[in-house]
Structure formats: C-alpha cells, structure tokens
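Report on one structure; see the data block that follows.
The values are calculated or read from the model by the stated rules, or taken from the named source; none is laboratory data. The structure presented is a predicted model; accordingly, all values stated were derived computationally and were not measured. With ideal geometry, Cβ positions are generated from the backbone for all residues, glycine too; neighbour counts draw on all protein chains shown.
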Amino acid sequence: MNGTAHAAVGGAAGFIVANTIQTSTSATLILVGLGAVSALVPDLDIDGKLRGKITLSHKMLRTIAQFIGILMIFYSFYEGTDTRRLLGIGLGLGIIIIASRLKQKHMLTLTGIGVLAGGVSLQESWLILFGIYILIASIVSHRSYTHSILGAVFFGYIASKLETSLGMDGIYYTCLIGYISHLVTDSKLLPFNKRGIKLFLPVSSKEV
C-alpha cells in the first residue's frame, strides 16, 4: 500500500478517536494529523519510502561539510600556530574524508541524532524516545522491526509520553491505532499484498 493510502487510513483512525471522545474541532484536526503521521512512521526504516522525504539530500550536506573542511584547513594554515595549525588541518582533512563517504542512508541516522539531541535539550522524553526510534529505523531492514509488534509497543510508549506532555486526550490511541493500521494494511491479511511483514520479530522471521 502506498503512503497516501496509509496516511488516509491513519487520519480516519484519528477522526474516529476524536469523535468517540468528543473533542473540539481543533483537537480533532490535531488527532487526524497525528493519525496520518503515525500511519507513515513504520516506513522510516532504511529502505522505506518515507526516509528520503524527511531527510536532506546527502549531496547537499556533503558539499557543505567539504566546504567547511576546506575553510578549516586554510584558516588553520594561515592563522594557526604550531600544534593548533596541525590539529586544524587534520580536522579539516578528516571532515572532507568523512563527508566524501556520506550517502543518503546515513541521513536518517543524522536525523535521529538531531531529534535525540533536540529531546535532550528540551527535556522531552517522547522526543528522546522518537530519536532513538529513528536511529533504530536507520539500521534495520525494510518491513522488519518497525513493522513488528515490538515496534508497535515501542511507538505506543512514545505516544503515551507525547499525550502526557501535551495533556490532550486521544493522542495515545490515535497514534497507536494509526501505527497498527500500517502493519495490517502491509500484511498478507489483504489479498493484494504479495509480501507480508515480520510481525513476531525477533521470535520469528516468518512473514504474515
């Protein structure tokens, strides 16, 4: 199922939750949006379609990093003295070498680090946990742990922390149902899906 369909199902879940608990119009819109986003989150994994849409181009970041490395080398050479000059040149060369190896798949890892750092800075536990989720998603294969019961439980825990932080009823159920809707619509329960998901990882790698 494509991303638009996943988002539509998740948004519908948010709308149902909002109507069940009878929220205000503004809260309903928020829940619909959270449901749509939550239904897309499992595809953050390394080969998921969502990965490339939330991360910057690795080519742009690589160019910026290499430019910074060159500037550091020139600055250290002309302004540095003795040990500082050698250290600055070494760091500049290191940045250029590391940047040259940067690929698009690394951008999700950098995004996870950024979200994690933001969570620490803001002292928001849900944001810290989401940063960890993104980091895990950046190293696991597609339709594996992010598409499992384990992934759903972890995301549900993140959603519970988000609900506590925002103090808005319905966030937990909306996010969890939206996430689970993705797993259901990607599974072999639907006849048009040739591939399933490894729902019971790490206990079993059988697709369902």
Within region 106-140, the residues that are assigned to a loop (DSSP other than H, G, I, E, B), at pLDDT below 90 and of a type outside the set (A, V, I, L, M) are S138
Would a scan of region 114-135 turn up a residue that is in contact (Cβ under 8 Å) with a residue 40 or more places away in the chain, surrounded by 18 or more Cβ atoms within 10 Å (Cβ to Cβ) and under 25 Å from T174 (Cα atoms)? yes
Could you check region 1-57 for helices (runs of 4 or more DSSP H) lying wholly inside it with 2 or more residues that are within 19 Å of the chain's Cα centre (by Cα) and modelled with pLDDT of 90 or more? 3-21, 25-40
